[in-house]
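Only one structure is covered here, and it is reproduced in the block below.
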Amino acid sequence: MLKPFAISLLALGVSGALAYAQAATVPPQTPLCMVGDSITWAQEGDWWRAYLIEQIPTLAFVGTHTGVLGYSHAGEGGDGTLAVLQRLPLIPDCPNYSLLIGTNDGSGNTEAEQQAAAQARADRIVKIVKGLLAKPSAKKVFLGSILPCQTDNPLRDQTNSRVNAILRPQIGALFPDGRVVWVEYEYPIRAIRNWGPIILLHPTKTGYRLIATILAQTIRDELKLGDNLAAPKPLPGAGVRIENLWQGDKTTLPVIAGWYTLSFDVKSAEAGASITLTGEGNSPARTMTQSFKIGADMVGKRITWNLMTGYVGYEYTTGVIKMTMDKCALDRILFEKKRPSGVASVYGAGSYLDTTSPISPGELVEK
């Protein structure tokens, strides 16, 4: 039986293989689940997806987490290869995966230590790839070479490069059916004069545009998408799957880190009214507390609040989020993953298809 945390991750994903059973747009979307560490989603990471959509407008992002721009993904800050292996069952089913992982696994001090560490890491990456390919709808895994990194520890960059050197020539032999596609980030980046300041450990927006261009071209070539793709238009009756994680005065499940939208009807409000959200934490520094003022002019209106929980291990601990109302009363509360529009969905309970709200590029459309 899955633990509540596992259930919460699945609830924030997609409804499984059925979501891809029939096209819900014209032209059909290209679903992509981006798996990785903080490079996939922290800081400027959501711009990676924004730049991908510019180049492949049919992309639809799938995942458990949501970044600042509202795009879904399956990256988790601080993850190494072991952590991704452990959460493989929680990564949503998807036809296409982008995998970029390995920079957080440490490094060796000597050449022999580096080579041993790199080999062990490469072996774990292969296991992750096999796990993704075992998903019901999986067709392709776009495996990225670990990015070069500019940090105060040059051994990290050296060991990462050794991992790439091990994997690069083996992918074709390990996966001869062509379901795994090597995405070469390292060589093009190192070919750029003074690449360090745009890549660092987490790329800048300029760095993300570069790796988005590399990945987009690889996806277009492999999936034969062409260069002039039209933005997908939803078919009648199609919409976006919404999970309302709220019931009573708290979330129905533990909530993973990310951006969310809370919307509600204000029934009444006295002077100085407010609501406070509190997330479970194992220390005061890791307990989320956020407040929102409710003005008298909000009574009778539907209000939207976009918020970020904080990063796990820093400002937040995964858990149930509770609400305290002070001098006010709310109704029809909706707590959902933030959408790219930043606008709340039509209210509903549990899991439902929102066929009314405008659909943004990058959102998976279902029928």
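The values are calculated or read from the model by the stated rules, or taken from the named source; none is laboratory data. Just so you know, these numbers come straight off a predicted model, no measurement behind them. Because the Cβ atoms are built from the backbone with ideal geometry, glycine has one as well, and the counts that use them run over all protein chains shown.
Quick look at the values:
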quantity	calculated
Single residue of the range 118-150 satisfying the filter (within 15 Å of residue 164 (Cα to Cα), touching a Lys or Arg at 6+ places or on another chain (Cβ under 8 Å) and among the hydrophobic types (A, V, I, L, M, F, W, C)) that is surrounded by the fewest Cβ atoms within 10 Å (Cβ to Cβ)	149
From the options 275, 211, 192, residue that is of a type outside the set (S, T, N, Q), out of contact with any Gly (no Cβ under 7 Å at 6 or more places or on another chain) and assigned to a helix (DSSP H, G or I)	211
Search result, residues across the range 280-328 that are among the small types (Gly, Ala, Ser), out of contact with any Pro (no Cβ under 6 Å at 6 or more places or on another chain) and assigned to a strand (DSSP E or B)	291
Unmet criterion (only one of (1) buried (at least 21 other Cβ atoms within 10 Å of the Cβ); (2) under 22 Å from residue 147 (Cα atoms)) for residue 91	(2)
Out of 40, 81, sole residue that is modelled with pLDDT of 95 or more, of a type in the set (Ser, Thr, Tyr) and over 12 Å from the mean Cα position of the chain (by Cα)	81
Some residue of the range 215-236 being over 19 Å from residue 56 (Cβ atoms), in contact with a helix residue (DSSP H, G or I) (Cβ under 9 Å, 6 or more places away or on another chain) and modelled with pLDDT of 95 or more	no
Of all residues making up the range 326-341, the number that are surrounded by 16 or more Cβ atoms within 10 Å (Cβ to Cβ) and over 21 Å from residue 61 (Cα atoms)	4
Residues of the range 87-136 that turn out to be out of contact with any strand residue (DSSP E or B) (no Cβ under 8 Å at 6 or more places or on another chain), among the hydroxyl-bearing types (Ser, Thr, Tyr) and modelled with pLDDT of 95 or more, as a count	1
